[in-house]
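Chemist: Dropping the structure in here first, questions after.
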Amino acid sequence: MAEEYDLIIIGGGPAGLTAGLYAARSMLKVRLFEKEVVGGQTSITDIIENYPGFPKGISGFELTDKMREQAQEFGLELDMVEVTSVDFSGPVKKVVTPSGEFNAKAVIITTGVRPSRLDVPGAQELTG
């Protein structure tokens, strides 16, 4: 039998973590699925200098780790697994992963972006 949630979030970058934080603080039963790395592209950013509250900047990893910690402190359930299929056709939304099937009243998709790669010599070796 599928586990039941108020909200499922697909994608664990800053948008997904923020949605998870607000939902969990509102006492919703919420689960977030991330297939690669919590924090998404932000987590590999060396320094973020334009985020409020950090006048000297903060590493992307540290910022997104703090976001994850805060959201989980309020009850966000985090699952490091890929979503393999969804069914949004009915009032109960279905999300399927290798870990099982999950149902929710609502689903938020925050899968983010992938950076564009330059097609020039040395780009692959210098990325990161």
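Bear in mind these aren't lab numbers, they're just calculated from the coordinates by the rules spelled out. Keep in mind it's a predicted model, so treat the numbers as computed, not measured. Positions of Cβ are generated from backbone atoms using ideal geometry, with glycine treated the same way; all protein chains shown enter the neighbour counts.
Chemist: Cut-off 10 angstrom, C-alpha nodes, Gaussian network model of the chain. Which of GLY20, GLY57, GLY90 fluctuates the most?
Modeler: GLY90
Chemist: Using only Cα atoms and rounding to the nearest 10 degrees, what angle (0 to 90) does helix 60-73 make with the longest principal axis of the chain?
Modeler: With both axes taken from Cα atoms, the answer is about 20 degrees.
Chemist: Quick one: 3J(HN,Hα) in Hz for the stretch 113-127, Karplus 6.51/-1.76/1.60 with θ = phi - 60°, rounded, Gly and Pro as x.
Modeler: Once θ is set to phi - 60°, the couplings for the stretch 113-127 become 9, 10, x, 6, 9, 6, 9, 9, x, x, 4, 4, 5, 9, 5 Hz.
Chemist: While we're here: Which Cα, out of GLN124, LEU7, GLY57, lies furthest along the positive dipole direction of the stretch 3-126 (beta carbon charges, K/R +1, D/E -1)?
Modeler: LEU7
Chemist: Further question on the same structure: Can you list which of the trypsin sites (Lys or Arg not before Pro) found in the stretch 84-128 are DSSP loop residues with at most 15 other C-beta atoms within 10 Å?
Modeler: In loop regions of the stretch 84-128 (DSSP not H, G, I, E or B), the sparsely surrounded trypsin sites (Lys or Arg not before Pro) are ARG117.
Chemist: Give me the percent relative contact order of the stretch 12-128, please, defined on Cα pairs under 8 angstrom at least 6 residues apart.
Modeler: 26 percent
Chemist: Same structure, new question: Over the chain, with a Gaussian network built from C-alpha contacts below 10 Å, which listed residue (PHE88, PHE54, PHE33) shows the highest mean-square fluctuation?
Modeler: Looking only at PHE88, PHE54, PHE33, the largest GNM fluctuation is found for PHE54.
Chemist: Ok, one more. Identify all lysines with a Cα-Cα distance to LYS56 below 24 Å; exclude those on the same chain that are fewer than 8 residues away in sequence.
Modeler: LYS56 reaches LYS66.
Chemist: Please enumerate, by chain and number, the lysines with C-alpha under 19 Å from the C-alpha of LYS105, excluding those fewer than 8 residues away in the same chain.
Modeler: Within the straight-line cut-off, LYS105 pairs with LYS29, LYS93, LYS94.
Chemist: So what's the back-of-envelope 222 nm ellipticity for the chain, counting only DSSP H runs of four-plus at -39500 (n - 2.57) apiece and dividing by all residues, rounded to 500?
Modeler: The helix-only estimate for the chain comes to -7000 deg cm²/dmol at 222 nm.
Chemist: Using only the Cα atoms, work out Rg/Rh for the stretch 3-126, with Rh taken as the Kirkwood radius, to two decimals.
Modeler: My calculation of the ratio gives 1.04.
Chemist: May I ask you to evaluate 6.51 cos²θ - 1.76 cosθ + 1.60, the Karplus curve with θ = phi - 60°, for each residue of the stretch 7-14 and list the ³J(HN,Hα) values in order in whole Hz, giving x for glycine and proline?
Modeler: 8, 10, 10, 10, x, x, x, x
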